[in-house]
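The values are calculated or read from the model by the stated rules, or taken from the named source; none is laboratory data. A quick note: this is a predicted structure, and the numbers were derived from the prediction, not measured. Positions of Cβ are backbone-derived with ideal geometry, glycine not excepted, and every protein chain shown enters the neighbour counts.
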Amino acid sequence: MRRGLETGAPAGRLSGFPWWKTARRIALGMAAASVLLAALTAGQAWGLSEDEIEQKSLLIAGQLRCPTCQGVSVKDSNAPLARQIHDKVRRMVAEGQSGEAIRAFFVSRYGEWILRAPKKEGLGLVLWLLPGLALLVSAGLIGYRLLGNHRQRMAAPPEPIPTLTDAQRARIASDVKTFEEQD
Amino acid sequence: MFKIWQFWIVMLAITGMTAMFAYGFFVDPKLVKSPLVGKPVPSFSVQEMNTGEPIGSASLKGTPYMLNFWGSWCFACQGEAHLLEAAHRKWGQDPKRFRVVGIAFNDTLESARAFARRFGKTYYLALDDAQGTVILNFGLYGAPETFFVDHTGRVRYKKVGALTQEEIEEQVTLLLREAEKKP
């Protein structure tokens, strides 16, 4: 098959019109646009302002437990290790890493323990549900008990007023008489 | 009066709480399970504090080693210093067979060097940077902490707190035995 000089394009009716060159230009243009778009998107992710970086790193540091303290978050601790973790979080945020990725990094190093709130899956889900469940069961038990007592009271016949015996009546009459005589 | 099922619910709750308290009392807080045990050692790269010789997870692959994190400010590190030096003299003379690596952190070069001189440390010693790059990558809580890494570059054991002679013997023997078995 005869091919066009220099170009290697199939010869024939279109050999005078370099359509493949146009196609190549379009492809190059699209590739350049993709690269530009990717760069712009990345720029948006990393182009956080100082305030945004600080806010986001404070939020994440508040979710991490200080390894050397008792029940204090990294955000609220001044311990050297907590400060180093906070700085690392800030650097990771500035690099454009997501909160999920940053938490995952610390979990991979310290274990789930480093998270102040357990994950809402697996055993962590049990921890989330247990207090509510305990509250519901307790409320149910108390309600059941109160309702039972109330029903019992409503259903029971009124207690009869005790009547006096003849001996008691005689005794009262005698006492009253004694008092009247004393007056 | 309590019904039988109400009695058992209360009993179950009390037993559960008692079991949790008992578990908490009998667990040694120093036996912190690290998520790194059984996994490839986190990547690190440091320089010897006196000679500047670089060392890292990549260059140590193929050699079992003991990675000890310490600080001149750490009281417990004084207690285990002679044990680490003894381990180095016993097994670490051939650096391809076994190595003892010590990384000081939250420390100054002068203090770390003075500590090393005082306790006659002759094994590989480095200093982590002020950002705590290496210690955060290893999920450290404090000092001393020691990781035993096998010849495949996998963390086999982690100790929080000062090591004992028996622990070192046991872990190093295990690592050397496995390294000698390698094809």
task: Specify the residue that is nearest to the other protein chains (Cβ to nearest Cβ); the eligible residues are those in the range A:73-100 that are of a type in the set (S, T, N, Q) and not in a loop (DSSP other than H, G, I, E, B).
output: A:Gln84
- request: Could you pull out the residue among A:Lys120, A:Lys177 that is among the basic types (Lys, Arg), without any contact (Cβ under 8 Å) to a residue 60 or more places away in the chain and not in a helix (DSSP H, G or I)?
  value: A:Lys120
query: Regarding A:Arg83, is this residue out of contact with any Pro (no Cβ under 6 Å at 6 or more places or on another chain), of a type in the set (D, E, K, R), within 17 Å of B:Val160 (Cβ to Cβ) and not assigned by TED's automatic domain parsing to the domain that holds A:Leu127?
result: no
- prompt: Residues that are surrounded by fewer than 16 Cβ atoms within 10 Å (Cβ to Cβ) and touching a Ser or Thr at 6+ places or on another chain (Cβ under 8 Å): which helices (runs of 4 or more DSSP H) entirely in the range B:81-183 hold 1 or more of them?
  reply: B:109-118
statement: Of B:Ile9, B:Ile14, the only residue that is in a helix (DSSP H, G or I), of a type outside the set (D, E, K, R), within 14 Å of chain A (Cβ to nearest Cβ) and surrounded by 11 or more Cβ atoms within 10 Å (Cβ to Cβ) is B:Ile9
task: Within the range A:98-112, track down each residue that is surrounded by 15 or more Cβ atoms within 10 Å (Cβ to Cβ) and under 24 Å from B:Val155 (Cβ atoms).
output: A:Ile102, A:Arg103, A:Phe105, A:Phe106, A:Val107, A:Ser108, A:Arg109, A:Tyr110, A:Gly111
- prompt: If you take the residues in the range B:17-42 that are facing another protein chain (nearest Cβ under 10 Å) and modelled with pLDDT of 80 or more, which one is surrounded by the fewest Cβ atoms within 10 Å (Cβ to Cβ)?
  reply: B:Lys39
- prompt: Of all residues in the range B:46-84, how many are within 17 Å of B:Phe148 (Cα to Cα) and of a type in the set (Ser, Thr, Tyr)?
  reply: 4
Answer residue from the range B:50-78, given it is touching a helix residue (DSSP H, G or I) at 6+ places or on another chain (Cβ under 6 Å) and in a loop (DSSP other than H, G, I, E, B) and is nearest to B:Leu175 (Cα to Cα) among those: B:Pro64
message: Going through A:Gln70, A:Gln55 one at a time, which residue ends up being within 14 Å of chain B (Cβ to nearest Cβ) and either part of a helix (DSSP H, G or I) or more than 18 Å from the chain's Cα centre (by Cα) (or both)?
response: A:Gln70
message: If I filter the range A:139-157 for residues that are within 13 Å of chain B (Cβ to nearest Cβ), hydrophobic (A, V, I, L, M, F, W, C) and part of a helix (DSSP H, G or I), do I get at least one hit?
response: yes
- prompt: If you go through the range B:61-77 one residue at a time, do you hit one that is β-branched (Val, Ile, Thr) and loosely packed, with under 11 Cβ neighbours inside 10 Å?
  reply: no
